[in-house]
Amino acid sequence: MSVVANPLEFNKRLDQSYDRFEKKWTTRMQRLMKAAMIRLIRRTPVHTGQAVRSYVASSGSPYSGGAAGRPKPVEPTNKLPIGAESLRGGAQAQAMGTLAAVDYSKPFQDYFITNSAPHIGGLEAGELPGTPFTPRSPQGMFAVTLQELVAMIETI
């Protein structure tokens, strides 16, 4: 039995395979970015909303702008469970809105979620808020979320 090679058909099928892979990878990256943002926001305590509003999703290069503005707190949030703070909704909407600006047309580029709030490092380290309050996210947000995302990569 002899096999006749058809290079044009081979290249066509190879291109189709690459296109399917690229589309699948793009969908995976969109899901991964959304899952990361949701997890980060869910773990971030809200007092003024600045830390949550300062999450910015981007592609190609990390966001290098400043932190989101800081309104006055409206309640003693340290006594509320994470997620029940009244300023969370607007802050969360602003952060999630940055996902719409992410360019997924080049699926193999780098993707970022940054936060330039001046106190994000203290929140991540579990050092904030300070006395007399207790830290509300002692395990941090980024490290825990990153571990979850690594585990999720195979499933999305």
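Checking each residue of the stretch 53-64 against the condition of being at pLDDT below 95, assigned to a loop (DSSP other than H, G, I, E, B) and either more than 17 Å from the chain's Cα centre (by Cα) or β-branched (V, I, T) (or both) gives no match.
Entry remark, the stretch 136-156: residues being touching a residue at least 60 places away in the same chain (Cβ under 8 Å) and over 30 Å from T27 (Cα atoms) number 2 in total.
Looking at the stretch 31-48, which of the residues that are surrounded by 20 or more Cβ atoms within 10 Å (Cβ to Cβ) and under 8 Å from the mean Cα position of the chain (by Cα) is farthest from M141 (Cα to Cα)? Only one residue tops the list, namely M33.
The residue that is surrounded by the most Cβ atoms within 10 Å (Cβ to Cβ), counting only those in the stretch 137-151 that are under 18 Å from the mean Cα position of the chain (by Cα) and more than 20 Å from M96 (Cβ to Cβ), is G140.
Restricting attention to the stretch 120-136, the residues that are part of a loop (DSSP other than H, G, I, E, B) and buried (at least 18 other Cβ atoms within 10 Å of the Cβ) total 2. When the residues of the stretch 93-108 are filtered to those that are assigned to a loop (DSSP other than H, G, I, E, B) and surrounded by 14 or more Cβ atoms within 10 Å (Cβ to Cβ), the one that is modelled with the lowest pLDDT is P107. Can you spot a residue in the stretch 54-65 that is in contact with a strand residue (DSSP E or B) (Cβ under 9 Å, 6 or more places away or on another chain), touching a residue at least 12 places away in the same chain (Cβ under 8 Å) and closer than 21 Å to P138 by Cβ? Among the residues of the stretch 54-65, at least one is in contact with a strand residue (DSSP E or B) (Cβ under 9 Å, 6 or more places away or on another chain), touching a residue at least 12 places away in the same chain (Cβ under 8 Å) and closer than 21 Å to P138 by Cβ, which makes the answer yes.
The values are calculated or read from the model by the stated rules, or taken from the named source; none is laboratory data. Keep in mind that what you see is a predicted model, and the values were worked out from it rather than measured. Positions of Cβ are generated from backbone atoms using ideal geometry, with glycine treated the same way; all protein chains shown enter the neighbour counts.
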